[in-house]
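A quick write-up on the structure given underneath.
None of the figures in this text is laboratory data; all of them are computed from the coordinates on show. The model shown is predicted, which means the values in this text are computed figures rather than measured ones. Every residue, glycine among them, receives a Cβ derived from its backbone with ideal geometry; neighbour counts consider all protein chains shown.
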Amino acid sequence: ARDAQYPFTEDYNGEQPDGFTWMQATLRHGRRWSAAAAYLHPALKRPNLTVKTKALVERIEFDGERAIGIRYGQGGPSVSARAECEVILSGGTINSPQLLMLSGIGDPAHLRDHGIDVVMPLRGVGQNLADHTSSAFIFRRHDGGPFQRNMRFDRVVLSLIRAYLGKGGFAADLPFGITGFLKTTPDVPAPDIQMLFWMGATTTASPWLPPFKKAFTDSFSVRIMPMHPTSRGHVALASSRPEDAAIIHQNFFGTEEEWETMRRGLRMARELVASPRLKVFGGEEIAPGADKQSDAEIDTHIRATMGTVHHPVGTCKMGPDTDPEAVVDGELRVRGVDGLRVVDASVMPDLIGGATNAPVIMMAEKAADMILGKEPLPPADV
Ligand SMILES: Cc1cc2nc3c(=O)[nH]c(=O)nc-3n(C[C@H](O)[C@H](O)[C@H](O)COP(=O)(O)OP(=O)(O)OC[C@H]3O[C@@H](n4cnc5c(N)ncnc54)[C@H](O)[C@@H]3O)c2cc1C
């Protein structure tokens, strides 16, 4: 990448986000470390904490405009849980707006369509859905690369046992390690794509063992994720029943800007793979194919291969009172009602230029301080 004039960065979450580097991950002792393992499990013995598993929250209960608890079920008849101070809703970007709407907070017309009494008209609930997408070009790699080698049946079985015992190794790692946050045009102030090198085409790679099964064609892909999509989707109720999944209208690639960014990113991937340092690994383009050069041909490939990167945000967005679409205020309190906050990815007004898990954890820590009424920390000198 350096030879192709791309920068290198030690830490894309540090002062220089631009450039290629190794992926960062939420790990402890070499294993993925979930928010539950980090925060909930150590607190389970507290006398003021009760965890109900396999419970479906059906709605928030109100006394007038004050949230006083929730109604939930665990397979049997639903019961109420009362809140002494406030209700904290953390259902995520799809389910937090669904629960608000089921509880009477949302666009009055949509609520009435489903026979739900309006507690507070807030038309922004469920709107402003933003998510990262990705699409990849796939390239041939000379046979015998590390991914193909490690996927031989006997090796992969041993790797899985090793990983299961917590000893690390091939099966404990993700098949992508090198990434870059890059600008596809000098006009943007910050990187507008993430480029991810991925070992082996995910659709064709599988365990192999001679003489029973031949090895798959060794390959690698370069995945492009536009960081700041401008189109917005929305989440709507399918019905007034909490068991019914909400309807997700993603509206991906709803703006020309998003198409242009994705095309520029994919063309950058092509150029990079053709650079002398990478050519030694192979580089013949398998998909969409080197002859597919026009915008229309690249768009056809994007349409056929793109998918979500699972970073939905924005459906209960934070904003000032002057913003009619804002659902929560600067302290994450739902506007117009008392005793109710939303603390999850849904409150982000816009997508950040990276993955969402760590920022949500950071927001939850900040929310804990707000709930406890702690003063904001003084600005840090970083
Ligand atoms: C497949 C996948 C891969 C991802 N990979 C990455 C990654 O590599 N890096 C990264 O940074 N981010 C990643 N993310 C995104 C990251 O996981 C999310 O941004 C983050 O978990 C959002 O946190 P949240 O608290 O908003 O919602 P969630 O983590 O979704 O938590 C919401 C919780 O509410 C529960 N819930 C919802 N409705 C109800 C109800 N009615 N009753 C009871 N419980 C309910 C849900 O079961 C869930 O446990 C990934 C997401 C997915 C889906």
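Let me make sure I get this right: for the stretch 21-61, a, b and c are the square roots of the gyration tensor eigenvalues over alpha carbons, sorted descending. Under 1.5 in a/c it's rounded, otherwise prolate if a/b > b/c, else oblate. Which is it? Oblate.
Measuring between their Cα centroids, the stretch 52-119 and the stretch 242-296 lie 40 Å from each other. Ranked for footprinting exposure by Cβ neighbours inside 10 Å, fewest first, SER103, SER221, SER231 give SER231, SER221, SER103. The slack in the chain from ALA55 to ARG162, taken as 0.36 nm per residue of separation less the alpha-carbon distance, amounts to 35.1 nm. Which one, ASN13, ASN357, ASN251, has the greatest fluctuation when you compute a Gaussian network model over the chain with C-alpha springs under 10 angstrom? Among ASN13, ASN357, ASN251, the largest GNM mean-square fluctuation belongs to ASN13. Across GLU15, GLU325, GLU258, mean-square fluctuation computed from a Gaussian network of the chain (C-alpha pairs under 10 Å connected) peaks at GLU15.
Compared with the rule-of-thumb size 2.2 N^0.38 Å for a compact globular protein, the stretch 1-127 has a Cα radius of gyration ratio of 1.56. May I ask for the angle, rounded to the nearest 10°, between helix 256-273 and the longest principal axis of the chain, with both axes built from Cα atoms and the value confined to 0 to 90°? Helix 256-273 and the main axis of the chain meet at about 30 degrees. In the chain, the C-alpha radius of gyration followed by the widest Cα-Cα span (Dmax) gives 23.8, 72 angstrom.
Shape of the stretch 141-282 from the C-alpha gyration tensor: oblate (a/c of 1.5 or more and a/b not above b/c, with a ≥ b ≥ c the square roots of its eigenvalues). The residues LEU56, LEU174, when put in order of fewest to most other Cβ atoms within 10 Å, stand as LEU174, LEU56. Find the centroid of the Cα atoms in the stretch 334-355 and in the stretch 131-151, then give the distance between the two in whole Å. Using only Cα atoms, the two centres lie 36 Å from each other.
The shape of the stretch 46-199 comes out oblate: with a ≥ b ≥ c from the C-alpha gyration tensor, a/c is at least 1.5 while a/b does not beat b/c. Once both labels are positioned 7 Å from their Cα atoms along Cα-to-Cβ, the gap between VAL382 and ASN48 label points is 3.0 nm.
Ordering TYR12, TYR39, TYR164, TYR72 from the fewest to the most neighbouring beta carbons within 10 Å gives TYR164, TYR39, TYR72, TYR12. Among the trypsin sites (Lys or Arg not before Pro) found in the stretch 61-146, those both in a DSSP coil and sparsely packed, with 15 or fewer other Cβ atoms within 10 Å of their Cβ, are ARG123. Straight-line reach from LYS279: taking Cα to Cα under 24 Å and skipping same-chain neighbours fewer than 8 places apart, the lysines in range are LYS183, LYS292.
Tell me the angle of helix 92-102 to the major Cα principal axis of the chain, expressed in degrees between 0 and 90 and rounded to the nearest ten. Its long axis makes an angle of about 30 degrees. Counting only DSSP H runs of at least 4 residues, each contributing -39500 (n - 2.57), and dividing by the residue count of the chain, the helix-based mean residue ellipticity at 222 nm comes to -6500 deg cm²/dmol. Counting 0.36 nm for each residue step from ARG267 to ALA190 and taking away their Cα separation leaves a gain of 25.8 nm.
Taking the chain as a Gaussian network, Cα atoms linked when under 10 Å apart, which of ALA43, ALA201, ALA136 shows the biggest mean-square fluctuation? Of ALA43, ALA201, ALA136, the Gaussian network model singles out ALA43 as fluctuating most. Restriction of the chymotrypsin sites (Phe, Trp or Tyr not before Pro) in the stretch 171-280 to DSSP coil positions whose beta-carbon has at most 13 other beta-carbons within 10 angstrom yields PHE212.
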